[in-house]
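Visitor: Okay, here's the structure, questions in a sec.
The values are calculated or read from the model by the stated rules, or taken from the named source; none is laboratory data. From a predicted model like this one, the values you see are computed outputs, not experimental measurements. Every residue, glycine among them, receives a Cβ derived from its backbone with ideal geometry; neighbour counts consider all protein chains shown. When the accessible area is computed, the model is the full protein with side chains, heavy atoms only, and any ligands, DNA or RNA have been set aside. Shrake-Rupley method; radii C 1.70, N 1.55, O 1.52, S 1.80 Å.
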Amino acid sequence: MKTRLVLCLRWCAIGWILISGILGGLNAFAQEEYKFDLSEIEKKPYHIGGYLEVKPFLFVLDRDAALYKLRFYNQDEGKTTEAYNGKVQIEGSYEKGIARLFTRTNFDLQYSYLGWEHTETKHMIYEGYLALKPSDSLSFKLGKQTLLWGKGYAWNPVAFVSRPKDPDDPELALEGYVTASADYIKSFAGPLKTISFTPVLFPVYKDFRNNYDINDDFGEADHLNFAGKLYFLFYDMDIDLIALIGKSKTNRLGFDFSKNITSNLEIHGEYAFIKNQKLATMDSRGSVSQKTFDAENFLLGARYLTTSDTTFIFEYYRNGAGYTHSELEGYFSFIDTGYDLYRSTGNNSLLKRALRVTEGNYGRPSPGQDYLYLRVTQKEPFDILYFTPGVTTIMNLNDKSLSISPELLYSGVKNLELRLKGAALFGQNGSEYDEKPNDYRIELRVRYYF
């Protein structure tokens, strides 16, 4: 573990030297005199913007890890592998009267270890909807939208109608779902200052004959589901009551809250109850079983800002629909068995069996049951303008494995953002982070906004 930490710190030191070497030149551009233009503050009926991103990766592989064997069993990738991602995200809106059209599209170009002949290009509409606001208290939306429900930073147990975040990078934009929603807001004088209600119609449909679908990756097809959120601002505490009812997924109820204790300390939490949760498990012999149970997920967290502009975000996440340490160990053990069979006979049937149960089960983000999350960032240390270093740690409390991800962020040039980020994974054999395909990862994200 010490060797891994030293290597990770060495890479971060190299990144620090690289970024520090260009900070002086970039700050000269960052401190140009700002010219005031009245036309910039005039409200226009349309808006268009977005960003262009380039992100190369370097992975230091763990050839003894179970998930390395599952992914690369028929290849020899050596000790390292690279990947290159390019992205263009464009969003635009147009307003006229009570109506507003909004769209956000995403173009991805992904180059991986398979080579340029296997380069994957993706184009998808993250959001695209029509919004109507006939009054200040009532609005409607129809189309593809991202409903960001929940108060957590890294996880959101009550986000019943959105895709899960990546805890390693929770601020990434998420693809939405096609829904119809309304929002009614009412304000009061007294302890209860605001109340709002957001009903949502959520269709799931699949037409195999015409290859047409709506939200088919959400759950069981050919059902109309109903979701809703009831919001209160009560004694300066944000409270949401949330529900999802339908047949595409089992019924679920939850609530969340957020409260500013002081001007620099905020606490938040979420609780979700999921009826008849299904979980597929694989033991060390490869036997697959499915259990059905009522799951309870919850999150408690806090955000604290010091007088020196250091931000701490801390969260505990209980994933009642996750796997125990022994269940993860059994899955990893079966992969090892399948890999040994492939090496000795060329028979990959056991590995294919493991692959079938991986997606949506063991392969989802945070498959365990108990996690701790800590993120610390420091704004402009040593008086370096527009520079924010940070470090993020995620620990699986059940097997004591963890990831440590230091990063350096610089945004001193207009419309340009640079982020150098590393990750090192630690754990005992059979633990979640030790069995991932790489021991270390380093990435550089260059993002230009327009």
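Visitor: Would you mind calculating the gained length between residue 230 and residue 44 on full extension (0.36 nm times residue separation, minus the Cα-Cα distance), in nm to one decimal?
Guide: That pair, residue 230 and residue 44, stretches by 63.7 nm at full extension.
Visitor: How much length is gained if the chain between residue 309 and residue 296 is pulled fully straight, taking 0.36 nm per residue apart and subtracting their Cα-Cα distance, in nm to one decimal?
Guide: This chain segment gains 1.1 nm when fully extended.
Visitor: Turning to a different aspect of this structure: Send over a whole-number figure in Å² for the accessible area per residue of the stretch 63-145, probe 1.4 Å.
Guide: 60 Å²
Visitor: Give, in whole angstrom and from largest to smallest, the semi-axes √(5λ) of the equivalent ellipsoid of the chain, with λ running over the eigenvalues of the Cα gyration tensor.
Guide: The three semi-axes for the chain are 36, 31, 24 Å.
Visitor: DSSP loop trypsin sites (Lys or Arg not before Pro) in the stretch 159-230 with at most 11 other Cβ atoms within 10 Å of their Cβ, which ones?
Guide: Within the stretch 159-230, the qualifying trypsin sites (Lys or Arg not before Pro) (loop, at most 11 other Cβ atoms within 10 Å) are 209.
Visitor: Go through 74, 180, 125 and say which Cα lies farthest out towards the positive end of the charge dipole of the stretch 36-186; charges sit on Cβ, +1 for Lys and Arg, -1 for Asp and Glu.
Guide: 180
Visitor: Measure up 151/229; 122/151; 193/259; 87/122 against 21 Å on the Cα-Cα distance and list the ones that go over.
Guide: 122/151
Visitor: Once the Cβ-Cβ distance between residue 193 and residue 400 is put in as r, and R0 is 41 Å, what FRET efficiency do you end up with, to the nearest 0.05?
Guide: FRET efficiency, residue 193 to residue 400: 0.40.
Visitor: Please work out the Kirkwood hydrodynamic radius for the stretch 56-178, using every pair of different C-alpha atoms, and report it in angstroms with one decimal place.
Guide: 17.8 Å
Visitor: Working out 0.36 nm times the residue gap between residue 280 and residue 101, then minus their Cα-Cα distance, what length gain in nm do you get to one decimal?
Guide: 60.3 nm
Visitor: Suppose only helical runs count, i.e. DSSP H with n ≥ 4. What mean residue ellipticity at 222 nm does that imply for the chain under -39500 (n - 2.57) per run, divided by all residues and rounded to the nearest 500 deg cm²/dmol?
Guide: Value at 222 nm, helices only, nearest 500: -5000 deg cm²/dmol.
Visitor: Can you list which of the DSSP-assigned H helices in the chain have a Cα extent of 18 Å or more along the long axis and an average Kyte-Doolittle score of at least -0.5?
Guide: Passing helices, by number: 2-30.
Visitor: In Å², what does the accessible area per residue of the stretch 149-188 work out to with a 1.4 Å probe?
Guide: With all protein chains present, the stretch 149-188 gives 39 Å² per residue.
Visitor: Now, a different point. What are the aspartates and glutamates whose alpha-carbon lies under 12 Å from the alpha-carbon of residue 400, with same-chain residues fewer than 8 places away excluded?
Guide: Correct list for residue 400: 370, 432, 434.
Visitor: Right, another one. Straight-line reach only, C-alpha to C-alpha below 21 angstrom: list the lysines that residue 96 could link to, leaving out same-chain residues fewer than 8 apart.
Guide: Counting by Cα, and skipping residues close in sequence, residue 96 has these lysines nearby: 43, 44, 133, 141, 144.
Visitor: For the stretch 285-434, what does the accessible surface come to per residue with a 1.4 Å probe? Please give it in Å².
Guide: Averaged over the residues of the stretch 285-434, the accessible area is 46 Å².
Visitor: Tell me the label-point distance for the pair residue 288, residue 316, using the 7 Å Cα-to-Cβ offset, in nm and rounded to one decimal.
Guide: Reported label-point gap for residue 288 and residue 316 is 3.5 nm.
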